[in-house]
Structures are given as structure tokens and as C-alpha cells.
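J.: The structure under discussion is supplied below as C-alpha cells; questions concerning it will follow.
Bear in mind these aren't lab numbers, they're just calculated from the coordinates by the rules spelled out. The model shown is predicted, which means the values in this text are computed figures rather than measured ones. As a convention, Cβ positions derive from the backbone with ideal geometry for all residues, glycine included, and neighbour counts pool all protein chains shown.
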Amino acid sequence: MYHSKNIAIFIDDQQYFNHCKYMFEASGYHIVGVASSLEQANHLLTRLDQYQIGAAIIDGCLSKNKSDCKEGSSIANKVKKINRSIITIGFDTVNDVPGADYQSPKIDGTSKLINLLDEILN
């Protein structure tokens, strides 16, 4: 099954996002939405279908001083309620993101995340 190369990213670390944005775009992915807070995440979730998202990359925590991945899990579950065909990828520093279809730990780097996207979206 072919999936759109449009991706939404839910990540609170703007510096990390800026670092990997070029790599996504150079690999042919179109970042059509970014949320760095729960408020922005809720707003982006309302627009997922209009952007024909193929995948959502979800950090475990969007609030500072949180490490339990409950926020990421909640976002992954909401994405699936909106559109079950959107692939969800947990992208956290330490923990898996419960409810995500796949996991790609930040420690593995952006290249491995892009390889995973290539594998599942093509």
C-alpha cells in the first residue's frame, strides 16, 4: 500500500527539529505540520485529514519535565481515531510511545527514522 509522503511532527525540541528538518525534506518528505506543545498538537490534530498525512512522528512528551510518554500515547491514539491509515511512529529519547505503530528512538538518529519511513511508506 502506498502512503503519502506528507508527515506531521509532534516534538517539543525545536532545536532537534531544526536539525533534522533538512534531512526529511532532502529525502522527499513534506513536513506539513509541526506541533511543539499540547495546544499546538490539538490544533494540528484537527487538520490531519486535510493534509493527507501518511505518517505522524510523535515525541513521548510535549511538556517540560515530563518523561512518562502519556502525552505521546494520547496523541498516537487520537491520530488513529481520526484516520487509522496514518502510520504513527514513537520518537522519544528514553521510552517507547505506547499506541504508536512503530518506535524509532531519538538516540538511533534521524537517518534510522528516515529509513523506517522509507520502508513503511513506500
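J.: Multiply the residue separation of residue 42 and residue 96 by 0.36 nm, subtract the distance between their alpha-carbon atoms, and state the gained length in nm to one decimal.
T.: So the chain would gain 17.3 nm between residue 42 and residue 96.
J.: With point charges of +1 on the Cβ of Lys and Arg and -1 on the Cβ of Asp and Glu, referenced to the Cα centre of region 1-82, which listed residue (82, 14, 29) lies farthest in the positive direction of the dipole?
T.: Value: 82.
J.: Let me ask something additional. Return the label of the correct value of percent of Cα pairs over 22 Å apart, as calculated from the structure shown, out of (1) 22; (2) 34; (3) 39.
T.: (1)
J.: Quick one: net charge of residue 107's neighbours, Cβ under 15 Å, K/R +1, D/E -1?
T.: The answer is -3.
J.: Related question: Non-local amide H neighbours of residue 35 (under 5 Å, H modeled in plane, Pro and chain starts lacking H): which ones?
T.: 9, 10, 11
J.: I've got another one for you. Counting pairs of alpha carbon atoms under 8 Å apart in space and at least six apart in sequence, what relative contact order in percent does region 6-121 give?
T.: 23 percent
J.: Give the order of 34, 79 when sorted by the count of other beta carbons within 10 angstrom, beginning with the fewest.
T.: 34, 79
J.: Also, I was wondering about something else. If you look for lysine pairs in the chain that are eight or more places apart or on different chains, how many of them have Cα atoms under 15 Å apart?
T.: 4
J.: With viscosity set to 1.306 mPa s and temperature to 10 °C, compute the Stokes-Einstein D of region 1-62, Rh being the Kirkwood radius across alpha carbon pairs; µm²/s, no decimals.
T.: 134 µm²/s
J.: OK, next. At 0.36 nm per residue, minus the direct Cα-Cα distance, what do residue 26 and residue 112 gain on full extension? Give it in nm, one decimal, please.
T.: 29.5 nm
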